[in-house]
1. Among the residues of segment 298-313, what is the count of those that are touching a Leu at 6+ places or on another chain (Cβ under 6 Å) and surrounded by fewer than 24 Cβ atoms within 10 Å (Cβ to Cβ)?
2. Within segment 357-374, which residues are small (Gly, Ala, Ser) and surrounded by 24 or more Cβ atoms within 10 Å (Cβ to Cβ)?
3. Condition first: under 20 Å from the mean Cα position of the chain (by Cα), of a type outside the set (S, T, N, Q) and farther than 23 Å from Asp364 by Cβ. Now tell me which residues in segment 56-80 satisfy that.
4. Among the residues of segment 1-19, what is the count of those that are assigned to a loop (DSSP other than H, G, I, E, B), touching a helix residue (DSSP H, G or I) at 6+ places or on another chain (Cβ under 7 Å) and surrounded by 19 or more Cβ atoms within 10 Å (Cβ to Cβ)?
5. When you scan segment 230-239, how many residues do you find that are touching a residue at least 40 places away in the same chain (Cβ under 8 Å) and away from the ligand (no atom under 16 Å from the Cβ)?
6. For residues that are in contact with a strand residue (DSSP E or B) (Cβ under 9 Å, 6 or more places away or on another chain) and either part of a helix (DSSP H, G or I) or within 16 Å of the ligand (Cβ to nearest atom) (or both), tally how many sit in segment 284-296.
7. Conditions first: (1) crowded, with 22+ Cβ neighbours inside 10 Å; (2) farther than 19 Å from Arg340 by Cα. Val354 passes all but one, so which condition is the exception?
8. When segment 61-95 is examined, which residues are found to be aliphatic (A, V, I, L, M) and either within 14 Å of the ligand (Cβ to nearest atom) or more than 18 Å from Asp149 (Cβ to Cβ) (or both)?
Amino acid sequence: MTVRLVADAVFTVDAEDTVWRPGAVEIDGGRITWVGDPELTPAGAGTDVQQLGGLLMPGLVNCHGHSPMTLVRSAGDGLPLDRWLSEAVWPREALHGDDDVFWGMTLGASEMLLNGITTTCEQYLHPAAVADAALASGIRCVLTPGVFDMPGIDPEGTWKEHLVEASRVFDEMDGRSGRLHVGFGPHAAYSLSPAGLSAVAEEAQRRGAMIQIHLAETEAEGHVVEERYGMRAPAFLASLGVLDGPVLAAHAVWLDEADMEVMAEYDVAVAHCPGSNGKLGSGVAKLAELRARGIRVGLGTDGPASNDDLHLWDEMRLAAILARATAADPAAISSAAALRLATRGGGEALGLPVGALEEGRPADIIRLRTDDARFVPATNEAELLGHLVWAGAGYLVTDVWVGGAPVVVESECVQIDSARARAEVGQRAQRLFAL
Ligand SMILES: [Zn+2]
């Protein structure tokens, strides 16, 4: 049955940034079948017309997360990345079992959905548990199981075991429910041997799967890669064939001109994580330069131990503020471009047709209530856009659909028990923080 959602405003984030006021979106079979002015085009016979008011827009796209890290939220505050990983995060993660990760991801998915994130790209161990939790929650997930090679402090198993598990999860679960997309997640150029990186690339490319990898997150890790291999990380990965298939690079902070040329040449996309990079003191990615080179850029929350929430509204605002502040130029990024980063740009970075409300795309839609000080005044489209980008917030999200299915109704997750997820994670974290 066709469902027509009618609102006071619809931000489509299509190629022309079309806004309908009032607007309506029709969905059928999980896809958007029509978007337009409900007063000019009456609904067809038998259509279920829902008068929602408020504002409809595409669901937000989180391009980089380790959401089961809700279990270690806030761990290691004040440490730089290398010590944060080896002292605060990995020892605790080594204690995780599948059930811990399932509940950690369930809580993360609940937090994301309630704040309007409809797609998340995850990198973690225990991938089957992450997948099960994502599927149960109703969120759309690009899952890139982690592959590490850190003798002595490796969180669990060897890279060969991680790769076998990642391949198994791809072969058994990719495409499930039309919402689970499996890729491969070699952790980084410094945390996996050349043999491991090549092996992951081969398995991924054989399956046409995406690779997600941390790249140039800190200046120090860049020095490690250069000393070890005599090349900077992007060229090193290219030399191993890692960039020959679809690749999403998380962070991409410490890139020079030549590095960005390599990224553009191989069409490597970037998950820009300004909150995490700021909290860990890693630096500020060169958003304007990346965009100027035509590099696909989306936004990522990173894990909740380095951010510490899963609110893409904050990342959108921070990305735009840092781009304007570092350039000392209010035109460094427009408000429309900032909104695109959090939606359509994220879909492009992930290679998925999500992030815009257009006929034929998956019906991943969120509704915001506009009876809030943050949305006053609203005399024209530019004001509304400004409110979304510079004052938008997760608490304004009331309803969320993923693939046309309601997953948040009146600010409550309807497919999972958020209260139980909070209780499970709270309880399980006691064990991990007893270290
Ligand atoms: Zn990360």
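The values are calculated or read from the model by the stated rules, or taken from the named source; none is laboratory data. Note that the coordinates shown come from a computational prediction; the quantities given were computed from them, not determined experimentally. A quick note on method: Cβ atoms are made from the backbone with ideal geometry, for glycine too, and the neighbour counts reach across all protein chains shown.
1. Count: 0.
2. Within segment 357-374, just Ala363 meets the criteria.
3. Once the filter is applied, which keeps residues that are under 20 Å from the mean Cα position of the chain (by Cα), of a type outside the set (S, T, N, Q) and farther than 23 Å from Asp364 by Cβ, segment 56-80 yields Met69, Leu71, Val72, Arg73.
4. Residues meeting the conditions: 1.
5. Adding up the residues that qualify gives 2.
6. 4
7. Exception for Val354: condition (2).
8. Val61, Met69, Leu71, Val72, Ala75, Leu79, Leu81, Leu85, Ala88, Val89, Leu95
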